[in-house]
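The values are calculated or read from the model by the stated rules, or taken from the named source; none is laboratory data. Just so it is clear, the structure is predicted and the values come from calculations on it, not from any experiment. Cβ sites come from the backbone with ideal geometry, for glycine too, and all protein chains shown count toward neighbours. Please note that ligands, DNA and RNA were not included when accessible areas were found on the heavy atoms of the full protein model with its side chains. Shrake-Rupley method; radii C 1.70, N 1.55, O 1.52, S 1.80 Å.
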Amino acid sequence: MTVPEATREKVTSLREEIRFHNNLYHVLDAPEIPDIEYDRLMRELQALETEYPQLITPDSPTQRVGAEPIAAFGTVEHYLPMLSLNNVFSEQEFVDFHRRVAARLELSADADIAYMADPKFDGAAVSLQFENGKLVRGATRGDGTRGEDITHNVRTIEAVPLRLLGKGFPSMLEVRGEVFMPRAGFAKLNERAREKGEKTFVNPRNAAAGSLRQLDPRLTAERPLDFYVYSVGIVEGGLLPDRHSEILHQLQEWGLKVCPERRLVSGVDGCMEYYADIGNRRDSLDYDIDGVVYKVDRLEYQHELGFISRAPRWAIAYKFPAQEEMTLVENIEFQVGRTGAVTPVARLKPVFVGGVTVSNATLHNMDELHRKDVRIGDTVIVRRAGDVIPEVVQIIAGKRPKGTKPVRIPRKCPVCGSRVVRIDGEAVARCTGGLSCAAQRSESLKHFVSRKALDIEGLGSKLIEQLVLHGRIKTPDDIYKLSATDIAAMERMAEKSAENLIASITKSKQTTLSRFLYGLGIRDVGEATAASLAAYYGKLASIMEADVEDLQEVPDVGPIVASRIQAFFAEKQNRKIIRELINDGVTWEEVAPQRTANSGPLAGKIFVLTGTMRSMSRDELKARIQALGGKVTGSVSMKTDFVVYGDKTGSKLTKAQNLGIAVIDEDGVNKLLLINN
Ligand code: D41
């Protein structure tokens, strides 16, 4: 079938348009059209190419993915060797580098030599070859002389143009750069792998290198890879500027992606400034970097300087302190966090990593610990990135000594000796010590005095921490044993404010069962659950004696919460604290339990809730209605008194209206609750 001239022209113009927007989006990071419009252009091109397959060319934007898997990697020779980089690790070493450069160029040591500085991307070095602007070859660095042919894979990376933009490029142009995986993409990739039970990558560098070494380009296409160009290789049939900075600028004009963080700096001071600046921003970049690369900007100087043993004399990598190191696990201990979470921690043979000496690393939780199978005596890789807590990345299996044992979770809290429980399906094990556990003390105390709990005005976080530090308070009952003198002894506490605080402590003694329950800080017992429990049982003693089955009868309480409540009250120390609080005068009015005598202003009224509520969750609303004696059921019948509706209601509302049942909206029910409270 012959192709109409108009179609040929349309295909050409569509390709140009797509390349233009592709460059804006993937290379310049500045899209001009919405994704949907870009997709529309692509679909239009695809449709024409399907109709006229003879129009398909390898550099068409549609041809990134779709190639068949290859049988094996071919070897390619680099026309110009891909050099390696020398490293320095300190300012002194960098100054020495600069001095050598200046001396060879017969310049004074303090000469303001211009250097092109760019971050050192932690990925895989590749070479891309363009013939008459078309991408014809992609290769790994390999040993610098020979690499692997990865053309089929680099084509799938959107930041790699299949065809150069604009005009004036040399007929043969080889560029070199780094393929890397941005952190966000890496995290997602590993998350997906974990979900599917597949192997995860240790770091973005391995993930990038591994992705390039796929025989099936369709797999590579699914990997979130990116590319930055940092130099040129062979150039024929054309000329490039005579400064490295200008070459990079020219490459960008031709549609190649250069790092926006690069900067032309001057002399040692300029280099050090850049190093510090990038170092500070390292954690906020989208990708991992492991240092800065400096290149003498003038090509004339570069030629004069030449090479020593495969590394240019005109370039240097100034590395950041390593973020990963190897060390020995001397012990595995368990730490108790504020909420009682028991976290395994590896005690390490001290190692210098990420700029500090690290002797502890988190193992997150038992699942992580078992997944990584870290044992005492193992050699491990520890990672400390930025200000993040150091973590054990993986063990080195080959270095495991004989006779190691898998780590087991302690049965008792290492801080307070209470039982440690792990509820099925949860990664975290917790200490049941609650208020009596020192590790949980400060946080629990802060919760106990908070506004919605015992509401002790003037007892702020700082003061609690001081009082805990000085051993003045350990458990909530200690608060009621404080004297004005104790308080006045704390920093920045005047006598007058100490007296005021004593007054508000005294005032807090008169409270409600629901506030008291909430203040105990039982996990997942929030305000609403506390209110439900208080209303349902009426008396604290009944709650303390209830078993798990019984607790589940309480509206708003499921099996997990029930077992938490039960475990909390089963703990001797918690019972003691409660006794003490009551002895100290904390009191509330106990009421008749709802479950026997269904009392309250809404007693006997049956509610059905439907739709999404704006001011509170449906569970919360349910708890409030129940607290006032009302009953909440799931389906509308002749017995229903009220149907409360929120947004997005369904058939229940219609049914209620048909049956002539009173329907009220959210404002209406709020009013009803207010009137009856
Ligand atoms: O970011 C990098 N990883 C990077 C690597 C960079 N920004 N510049 C580099 N420049 C060179 C020379 C000076 C030899 C052109 C490099 C590398 N080489 C390199 N990457 C892997 C080996 C060498």
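Structure summary
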read-out	value
Reduced Cα scattering model of segment 438-591, Debye log10 I(q)/I(0), q = 0.09, 0.11, 0.16, 0.21 Å⁻¹	-0.29, -0.43, -0.85, -1.34
With DNA, RNA and ligands ignored, accessible area of R375 (1.4 Å probe; Å², nearest 10)	40
Set K481/K572; K405/K576; K120/K462; K134/K295 screened for pairs whose C-alpha atoms are more than 32 Å apart	K405/K576; K120/K462
Rounded, prolate or oblate (a/c below 1.5 giving rounded, otherwise prolate when a/b exceeds b/c) for segment 93-183 by Cα gyration tensor	prolate
Area accessible to solvent at M116, 1.4 Å probe radius, in Å²	10
Lone cysteines, the chain (no partner Cβ under 4.7 Å)	C259, C271
Cα-based Kirkwood hydrodynamic radius, segment 250-390, one decimal, Å	18.6
Isotropic mean projected area of the C-alpha convex hull, the chain (nm²)	43.9
Residues of segment 486-591: accessible area per residue with a 1.4 Å probe, Å²	48
Rounded percent of accessible protein surface that carbon and sulfur make up, segment 347-448, 1.4 Å probe	52
For segment 436-521: rounded, prolate or oblate by the Cα gyration tensor [a/c cutoff 1.5]	oblate
Along the chain, longest interval not containing exposed GluC sites (Glu not before Pro), exposed being DSSP loop plus at most 12 other Cβ atoms within 10 Å	199-490
Segment 57-149, accessible surface, carbon-and-sulfur percent (1.4 angstrom probe)	48
Gyration tensor (alpha-carbon) shape descriptor, segment 524-604, a/c threshold 1.5	oblate
Label-point separation in nm, R492 to S108, each point 7 Å along Cα→Cβ	5.3
Residues D216 and E17, FRET efficiency given R0 of 35 Å [Cβ-Cβ distance, rounded to 0.05]	0.70
Pair T357, E545: separation of 7 Å Cα→Cβ label points (nm)	5.9
Cut-off 19 Å (backbone N to label point 7 Å along Cα→Cβ of A438), residues of segment 470-509	470-479
Computed lengthening from V136 to A184, 0.36 nm per intervening residue step minus Cα-Cα distance	14.3 nm
Heavy-atom SASA rank of R408, R383, R192 (probe 1.4 Å, accessible area, largest first)	R408, R192, R383
Two-site FRET efficiency, Q54 against D286, from Cβ-Cβ distance with R₀ of 51 Å, rounded to 0.05	0.80
Förster-model FRET efficiency, 30 Å R0, L80 and L264, C-beta, rounded to 0.05	0.80
Relative pair counts by distance (%), Cα atoms of segment 383-450, 10 Å bins	16, 26, 35, 19, 4, 0
Probe 1.4 Å - accessible area at K509, Å² to nearest ten	50
Per residue solvent-accessible surface (Å²) - segment 95-222, probe of 1.4 Å	43
